[in-house]
Amino acid sequence: MTTWKDFADLKAVQRLAELARSPYNLARPDSLPPERIANYKASACGFDLLYAAQRIDDNVLAALQELADEAGLLAQFQAMKSGAVMNRIIGHASEERQVLHTASRDIFSDAPLAPAATAQAKEQLARLKSFLADVDSGAVCNEHGQPFTTMLQVGIGGSDLGPRALYVALEKYRLPGRKAAFIANVDPDDAAAVLASLDLSRTLVNVVSKSGTTLETRTNEELVRTALAKAGLNPLRHMVAVTGAGSLMDDPARYLAAFHMYDYIGGRYSATSMVGGVTLGFALGYDAFIEVLRGAHEMDKAAEQPDIRANLPLLMALLGIWNRNFLGCNTVAVLPYSQALLRFPAHLQQCDMESNGKQVSRTGTPVTWKTGPIVWGEPGTNGQHAFYQLLHQGTEIVPAEFIGFRRSQHGSDITVNGTTSQQKLAANMLAQSLALAQGREHENPNKHFAGNRPSLVLIAEQLTPYAMGALLALYEHRIAFQGFCWNINSFDQEGVQLGKLLADRLLGVMAGGKELSPDAPESSLLQAAGMAA
């Protein structure tokens, strides 16, 4: 059994704290010589990680390696992949679940690490392949014998953010005549706008909820069912579900088909399960979804390397810990220089902050060290004309993670002033990393850039389904490694529950079924908001 150790008790933490007293100065004129840029580079699954613009040197890297070894990060990762119960708080009520999102893409292995879970993944993929073949052949069609052209995914949280991010990233690879749409928020205006934009007669609706009881999803499902009925359509011929086996939604009387998701895959890690597979398979094709899984699987294997310089997810995790726990950085900006990755930072916000925004250790004791940072981001170069002012000259140091590609997806480009648009995009990305690191001296203080602000660059050849799968898994494992190191449970989300409970109380009052004291904060708040019954 893997031994869990508190972060503060690790000897490497003390060593790193000593090194953090005089970290590498990126603003020195000679801070980025060619040999440093060449040596501080790691590669896996088609991605190059350039990290010379981090405030580290070889001594820090050696201490980070000691930290990974002492905390047993690889052993914990292997235990997770092999089916150990990682979603738990020792001595306290917790979910007590395995964490096996990697099993959903271990389908390429002759000896899966979690055979039963991978067998279930293969079973669901076979069912999906058969269903999509029926859609393609016309065996599954609308009331008039017409093919379906749109899949509308109704879900929230992990049932929306990951699948939507992947779909937006890979829209270029859509099958002819196919597209996807999404409804997540319980805001009725969002649902109304999405539904108004669709030809409902040609739309399949994919409702995603593990329990079958998620308030927002069930509410939006009823909105969609009502819209279908008003259009004279039979919802049964238009609705499919992704849910837990035996849930309220696992019902052939209400759904054309139901695909299964499992307790051992958390919502924010579920994009490579049926949660993402059904809609992505419909819109992009089954083979494209398999390529997403293949890229993720290759990164799953790459994350097993013991040398942190050869393990991209582990290296990124440790660099993040260096910035968070030793340099005092409270936030990290994920900045894709690819408009197709527009929704990827939003997915990472959930995946990272819901995983590592924790205040107790896996033994239930309050932590005495910083855990997950605030994660945010937006594509460049738009961001350069918005918040980069703060990144360069603000009082908050924000480590930046740039993501870019050498070639565009569509290949439709033009040369202006000697360079293509894609070259301009990549040049801007690299220039921002340099500018943050080196800064600029200037006699006018308003034009002075202090520099010494850390960043890294992830760059690949092109954003393909394989590359997207690898990038997704890279960040999933970065997050898990950090949680292991901080000795927190990265796989529950108790922090979202209190708001839900209070919302239920307020809804009960608004519906007239509950009475509260006039002095109760809920009553006063409803009154002040003009929402009292």
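The values are calculated or read from the model by the stated rules, or taken from the named source; none is laboratory data. Every value quoted in this text rests on a predicted model; they were computed, and no experiment measured them. Please note: Cβ atoms are built from the backbone with ideal geometry, for glycine as well, and neighbour counts cover all protein chains shown. For accessibility, only protein heavy atoms count, side chains too; no ligands or nucleic acids. Shrake-Rupley method; radii C 1.70, N 1.55, O 1.52, S 1.80 Å.
How much FRET efficiency would the formula 1/(1 + (r/R0)^6) give for residue 130 and residue 496, where r is the Cβ-Cβ distance and R0 is 41 Å, rounded to 0.05? The partial results should precede the final answer.
Values: r = 35 Å, r/R0 = 0.86.
With a Förster radius of 41 Å, E is 0.70.
For region 121-241, what does the relative contact order come out to in percent, with C-alpha contacts under 8 Å and a separation of six or more?
On the way: 145 pairs, mean separation 35.5, N = 121.
The normalised contact order for region 121-241 reaches 29 percent.
Ignoring ligands, DNA and RNA, what percent of the accessible area of the chain is carbon or sulfur (1.4 Å)?
53
Restricting everything to alpha-carbon atoms, can you work out Rg to Rh for region 371-413 with a Kirkwood hydrodynamic radius? Don't skip to the end; give the middle numbers.
Working: Rg = 13.7 Å, Rh = 12.7 Å.
On the Cα set of region 371-413, Rg over Rh gives 1.07.
Taking the solvent-accessible surface of protein heavy atoms with a 1.4 Å probe, what is the per residue accessible area of the chain in Å²?
On a per-residue basis, 42 Å².
When the Karplus curve 6.51 cos²θ - 1.76 cosθ + 1.60 is applied with θ = phi - 60°, which whole-Hz ³J(HN,Hα) does each residue of region 82-93 get, with x for Gly and Pro?
Here the 3J(HN,Hα) series is 8, x, 5, 7, 9, 8, 7, 10, 5, x, 9, 4 Hz.
Return the equivalent ellipsoid semi-axes of region 39-156 as a descending list in whole Å, where each equals the square root of 5 times an eigenvalue of the C-alpha gyration tensor.
41, 23, 15
To the nearest whole percent, what portion of all C-alpha pairs in region 368-452 is separated by more than 17 angstrom?
Tail fraction, whole percent: 59.
I want the antiparallel fraction of DSSP beta bridges within the chain, as a percent rounded to 5.
Antiparallel: roughly 30 percent of the beta bridges in the chain.
Go through region 425-432 residue by residue and turn each phi into a ³J(HN,Hα) via Karplus (6.51, -1.76, 1.60, θ = phi - 60°); whole Hz please, and just put x for glycine and proline.
Result, rounded to whole Hz: 4, 5, 5, 4, 4, 5, 5, 5.
Assuming a viscosity of 0.692 mPa s and a temperature of 37 °C, what translational diffusion coefficient in µm² per second does Stokes-Einstein assign to region 481-520, Rh being the Kirkwood radius over Cα pairs?
In µm²/s, the coefficient is 257.
Please give me, ordered by residue number, the GluC sites (Glu not before Pro) of region 277-315 that lie in loop per DSSP and have at most 16 other Cβ atoms within 10 Å.
304
Which of 24, 112, 12 sits farthest toward the positive end of the charge dipole of the chain, with +1 on the Cβ of Lys and Arg and -1 on the Cβ of Asp and Glu?
Of the listed residues, the answer is 24.
On a 29 Å Cα-Cα criterion, which of the cross-link pairs 5/81; 179/301; 210/370; 129/179; 129/424; 129/230 come out too long? The partial results should precede the final answer.
Values: 5/81 20 Å; 179/301 32 Å; 210/370 32 Å; 129/179 18 Å; 129/424 41 Å; 129/230 31 Å.
Listed pairs above 29 Å: 179/301; 210/370; 129/424; 129/230.
Name the residues whose placed amide hydrogens come within less than 5 Å of the amide hydrogen of residue 43, ignoring near sequence neighbours (fewer than 5 apart) on the same chain.
For residue 43, the qualifying residues are 49.
What is region 258-336's relative contact order, in percent, from Cα pairs under 8 angstrom and six or more apart in sequence?
Relative contact order here is 12 percent.
Taking θ = phi - 60°, what integer Hz values does the Karplus form 6.51 cos²θ - 1.76 cosθ + 1.60 yield along region 299-312, in sequence order, with x for Gly and Pro?
Those phi angles translate into 6, 4, 6, 4, 6, 8, 5, x, 7, 4, 6, 10, 10, 4 Hz.
Taking the Cα centre of the chain as origin and charging only Cβ (+1 Lys, Arg; -1 Asp, Glu), how large is the dipole, in debye to the nearest 20? Walk me through the intermediate numbers first.
Working: 46 positive and 53 negative charges, 110 e Å.
That gives the chain a dipole magnitude of about 520 debye.
Report the far tail of the P(r) of region 231-302, meaning the percent of Cα-Cα pairs longer than 21 Å.
So the pairs more than 21 Å apart make up 37 percent of the total in region 231-302.
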